[in-house]
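For reference, the structure discussed in these notes is given below.
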Amino acid sequence: MGLRKILTDKEPALHKVCRPVDQFNRRLAKLLDDMTETLAEAEGVGLAAPQVGILRRVVVVDTGEGILELVNPILLEVSGEQVGAEGCLSVPGKYGLVKRPMHAKVRAQDRSGEWFEAEGEGLVARCFCHELDHLDGIVYTQRMERFLTEEEMNALAEGDD
Ligand code: NI
C-alpha cells in the first residue's frame with residue numbers, strides 16, 4: 001500500500017479520456033489499494049485513477065458502508081434529479097452547484113475482472129456520475145452552474161457536524 005499524489009485540475013491528466021483496463025493483475029490490485037488509502041487519507045468520497053496520474057478507467061467510491069471498486073464502469077441507468085454542492089479532491093477548497101441524477105446504476109468489473117452492478121441514491125449517485133466523468137476527462141467545474149459563495153460554504157461546513 002502507498003499514498004499517491006493527488007493532481008489538481010491544472011494538470012493535463014485530468015482532461016484526458018482514460019483507456020479501459022485489460023489486465024487484471026497485481027499492478028491493478030496495487031493501484032486500487034493505493035487509491036483506497038489515498039481516498040481515506042484525503043477524507044474524500046470518491047477518487048478516479050486520472051487524479052493520481054493513471055489514465056485508466058478505475059474508480060474507488062466510499063459508499064458509507066465500505067469501499068466500492070469500479071473497473072471499466074459504465075453508467076447503465078439514471079433517474080431523477082438533484083441540485084447540490086459538489087467538491088473534488090483535484091479542486092481543493094472549492095465547491096460548485098451541480099445538477100445530477102438522484103439515482104444511478106452502474107455496471108463495472110471488480111479487481112479480478114468479474115462484472116457486477118451497483119446502484120446508488122443521493123450522494124452515492126452524485127459520486128458515481130462525478131467519478132465516471134473523470135474517466136472521460138471531465139471535471140465538475142465544466143458542468144456546474146457556479147461556485148458556491150463563501151457564505152454558502154460556511155453554512156455547508158456548519159451543517160457537517
Ligand atoms: Ni473529482
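Brief remarks follow.
- Inter-residue pairs, beta-carbon under 9 Å, first on the phi > 0 side of the Ramachandran plot and in the range 38-60, second away from the ligand (no atom under 13 Å from the Cβ), 6+ apart: Gly53/Arg4; Gly53/Lys5
- Residue under evaluation Gly137, criteria (1) open to solvent by less than 80 Å² (accessible area, probe 1.4 Å); (2) in contact with a Phe, Trp or Tyr (Cβ under 8 Å, 6 or more places away or on another chain); (3) modelled with pLDDT of 95 or more, criterion not met: (2)
- So Leu47, is it within 12 Å of the ligand (Cβ to nearest atom) and closer than 14 Å to Cys127 by Cα: yes
- Scanning the range 1-36 for residues that are open to solvent by 60 Å² or more (accessible area, probe 1.4 Å) and outside any loop (DSSP other than H, G, I, E, B) yields Pro12, His15, Arg19, Arg26, Arg27, Lys30.
- For the range 126-146, the tally of residues that are within 10 Å of the ligand (Cβ to nearest atom) and in contact with a Leu (Cβ under 8 Å, 6 or more places away or on another chain) stands at 3.
- Pick from the range 72-103, criterion in a loop (DSSP other than H, G, I, E, B) and open to solvent by less than 70 Å² (accessible area, probe 1.4 Å), ranking: farthest from the ligand (Cβ to nearest atom): Gly80
The values are calculated or read from the model by the stated rules, or taken from the named source; none is laboratory data. Note that the coordinates shown come from a computational prediction; the quantities given were computed from them, not determined experimentally. In this analysis, Cβ positions are derived from the backbone assuming ideal geometry, glycine residues included, and neighbour counts consider all displayed protein chains. Ligands, DNA and RNA are excluded from the accessible area calculation, which covers all protein heavy atoms including side chains. Shrake-Rupley method; radii C 1.70, N 1.55, O 1.52, S 1.80 Å.
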